[in-house]
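This report concerns only the one structure given below.
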Protein chains: 2
Amino acid sequence: MKAIVNVFLKPGVLDSQGKAVHHALSSLHFENVKDVRVGKQIVLQLDEENIEKAKKDVETMCEELLANTVIEDYTIEIEK
Amino acid sequence: MKAIVNVFLKPGVLDSQGKAVHHALSSLHFENVKDVRVGKQIVLQLDEENIEKAKKDVETMCEELLANTVIEDYTIEIEK
């Protein structure tokens, strides 16, 4: 089973990496870009058959390690 | 229009960040994790109505800036 975790800075938290990418794109004359946010995508291969159990495990991983929940939000997708 | 770009190291390229996360998860007793890959997710807000044009633009951005195509693959999703 595969779990896809996306970790992003919360809205309102300055995303300096996103700002840098936005600036670089503007320098390359991509004028139609209005905003850029950069986050992490973590793909986990799990040895687990139960979807509910997998989701709960991955939630715990996010809370304990993968995301800094003070400044970051996360989403979890589970794929068979 | 929103474009979501996922950038990942190609299969076979050592993902040291993924290995570090995997190791840390093992230390936290998440034994059912078999593999971890860490990539970047870049979310672009585009001022563009034409989906085809948006996709082409984002492809060019990936080739020129967002991905290092020697060692990285990327996927693009366009959302209205």
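Readers should treat all values here as calculations from the given coordinates under stated rules, not as data from a laboratory. Nothing here was measured: the structure is a model prediction, and the numbers come from that model. Note that each Cβ is placed from the backbone with ideal geometry, even for glycine, and that neighbours are counted across all protein chains shown.
Quick notes on this one:
- Filtered residues of segment B:1-14 (kept if within 10 Å of chain A (Cβ to nearest Cβ) and over 13 Å from the mean Cα position of the chain (by Cα)): B:1, B:2
- For segment A:56-70, a residue qualifies if it is in contact (Cβ under 8 Å) with a residue 24 or more places away in the chain and either more than 8 Å from every other protein chain (Cβ to nearest Cβ) or of a type in the set (Phe, Trp, Tyr) (or both), and the qualifying residues are A:58, A:62, A:67.
- Any hit, segment A:36-54, residues being under 17 Å from the mean Cα position of the chain (by Cα), over 25 Å from residue B:21 (Cα atoms) and touching a residue at least 12 places away in the same chain (Cβ under 8 Å): yes
- Failed item in (1) more than 9 Å from every other protein chain (Cβ to nearest Cβ); (2) in a helix (DSSP H, G or I); (3) surrounded by 15 or more Cβ atoms within 10 Å (Cβ to Cβ), with residue A:73 passing the rest: (2)
- Residues considered: B:68, B:6, B:32. Of these, the only one that is closer than 28 Å to residue A:16 by Cβ and touching a strand residue (DSSP E or B) at 6+ places or on another chain (Cβ under 8 Å) is B:6.
- For segment A:55-70, a residue qualifies if it is of a type outside the set (Lys, Arg) and either assigned to a helix (DSSP H, G or I) or buried (at least 19 other Cβ atoms within 10 Å of the Cβ) (or both), and the qualifying residues are A:57, A:58, A:59, A:60, A:61, A:62, A:63, A:64, A:65, A:66, A:67.
- One residue stands out among those in segment B:25-54 that are buried (at least 16 other Cβ atoms within 10 Å of the Cβ) and part of a helix (DSSP H, G or I): the one that is nearest to the other protein chains (Cβ to nearest Cβ), which is B:25.
- Within segment B:5-24, the set of residues being touching a residue at least 40 places away in the same chain (Cβ under 8 Å) and surrounded by 18 or more Cβ atoms within 10 Å (Cβ to Cβ) comprises B:5, B:6, B:7, B:8, B:9.
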